[in-house]
């Protein structure tokens, strides 16, 4: 779900949703400005947003490092392929 602008300003309740949308590149410029202004004023939300950004960045790094690094055991791949042949 892409967040919509508030008539007023970004509230603490909407901050996590908007931080996620910003991280995913889905936050409209006017909402980004509202979010930035809110984070400049609200220490609690700024700390939570920074922690969330660190977590998401670490998650992305770990996921990227693990891509292609390991494969399922051969026995599992063989069983899965056999099951797919039965289904098809």
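If residue 83 passes every condition in (1) modelled with pLDDT under 90; (2) loosely packed, with under 10 Cβ neighbours inside 10 Å but one, which one does it miss?
(2)
May I ask you to list pairs of residues, at least six apart or on different chains, whose Cβ atoms are under 7 Å apart, with the first in segment 36-56 being on the phi > 0 side of the Ramachandran plot and exposed (fewer than 13 other Cβ atoms within 10 Å of the Cβ) and the second being at pLDDT 90 or above and part of a helix (DSSP H, G or I)?
Nothing qualifies.
When residues of segment 51-75 are filtered for being over 16 Å from residue 23 (Cα atoms) and at pLDDT 85 or above, how many remain?
1
The values are calculated or read from the model by the stated rules, or taken from the named source; none is laboratory data. Everything numeric here is computed off the predicted structure, so don't read it as measured data. Cβ atoms come from the backbone with ideal geometry, glycine included; neighbour counts cover every protein chain shown.
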